[in-house]
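The values are calculated or read from the model by the stated rules, or taken from the named source; none is laboratory data. Predicted, not measured: the structure shown is a model, and the values here were computed from it. Cβ coordinates were reconstructed from backbone atoms using ideal geometry, including for glycine residues, and neighbour counts include every protein chain displayed. All accessible areas refer to the heavy atoms of the entire protein, side chains included, with ligands and DNA or RNA removed. Shrake-Rupley method; radii C 1.70, N 1.55, O 1.52, S 1.80 Å.
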Amino acid sequence: MGGDGGTISSSRQYLRGAGKASHTADHPSNALKRAKVEDAERARLTLSTCAISGTAFNFSPKSNSAGGGGIGTVSAAEIVACPFGKLYKREKALEALLQRSRAASGDVSTATLGPHIRGMKDLHPVRFHVVADSSSKDVNLKHKKYVPVCPITGSEIASGNVPLFLIVRLKKKGGGNSANVEVDEAPNVISERAIKEMGIAGLQSEYGPFDEKDIVRLAPPKTGGIFDEIQRNWEAKMAEESESKLRKKKYKKRKRIGDAFKS
């Protein structure tokens with residue numbers, strides 16, 4: 001630099017920290033932050049729009065059948081959720097299933113709902129607990145805006161930043177009494193915080209009976225391998241049920257053949 005044959009500072013390999021510093025945009029921590037922001041936005045859209053039609057859900061509450069026809073606290077829209085935590089308008093889901101059954105190819109992999117949904121048995125009713133949006137200035141009940149909240153913690157849950165879970169109740173044989181109907185009309189979407197506070201056993205009295213393994217994570221994030229784990233577990237469950245069904249079918253066939261020989 002001073003004519004003494006020293007190193008030239010413009011040579012990058014001799015600069016302090018050259019080639020070692022992570023650029024701000026490429027730093028792993030920033031990539032993770034971006035992924036989390038994208039997950040939150042994706043979750044917000046999943047929780048507010050139909051996965052088939054892309055139209056927004058109406059979170060206005062339905063009339064309270066037990067309260068003289070007044071405004072209730074459960075969303076009136078008929079929404080269903082699949083095992084992967086996507087939400088659909090029930091009518092659109094039924095139409096998609098009907099179209100798939102009528103398809104000549106019978107290829108479910110290209111259908112709107114995807115192969116992980118075999119029928120209505122894999123779609124579960126979603127009932128949000130809703131309250132009037134405090135930021136809305138409209139006093140007209142017909143135009144008032146409502147937002148989903150956790151019925152236990154009272155916190156808003158549609159932002160995409162709150163982990164949500166759908167309680168899937170066990171079906172009771174011949175359960176047509178008023179108690180079952182009342183529970184089936186109650187909200188069934190709660191936050192992760194509510195589960196931690198109440199515990200699975202504590203939730204059974206109001207939201208049960210349900211099996212912990214049947215709880216559906218709504219709008220699961222892509223980061224952290226959460227969605228991948230949900231997908232693997234569901235595919236394993238489908239494969240197990242398919243094998244069980246095949247074994248029962250073979251057993252019945254052998255039994256028919258055996259009974260035929262006996263007679």
- Task: Run down Ala201, Ala219, Ala236 and say which single residue is of a type in the set (Gly, Ala, Ser), crowded, with 16+ Cβ neighbours inside 10 Å and either more than 16 Å from the chain's Cα centre (by Cα) or within 17 Å of Ile167 (Cβ to Cβ) (or both).
- Result: Ala219
- Task: State whether one or more residues within segment 29-51 are over 25 Å from Lys86 (Cβ atoms) and modelled with pLDDT under 50.
- Result: no
- Message: When the residues of segment 239-263 are narrowed to those that are open to solvent by 100 Å² or more (accessible area, probe 1.4 Å) and not charged (D, E, K, R), which ends up modelled with the highest pLDDT?
- Response: Tyr251
- Query: Taking segment 31-59 as the search range and keeping residues that are under 18 Å from Asp133 (Cβ atoms) and without any contact (Cβ under 8 Å) to a residue 60 or more places away in the chain, which one is least open to solvent (accessible area, probe 1.4 Å)?
  - Reply: Phe57
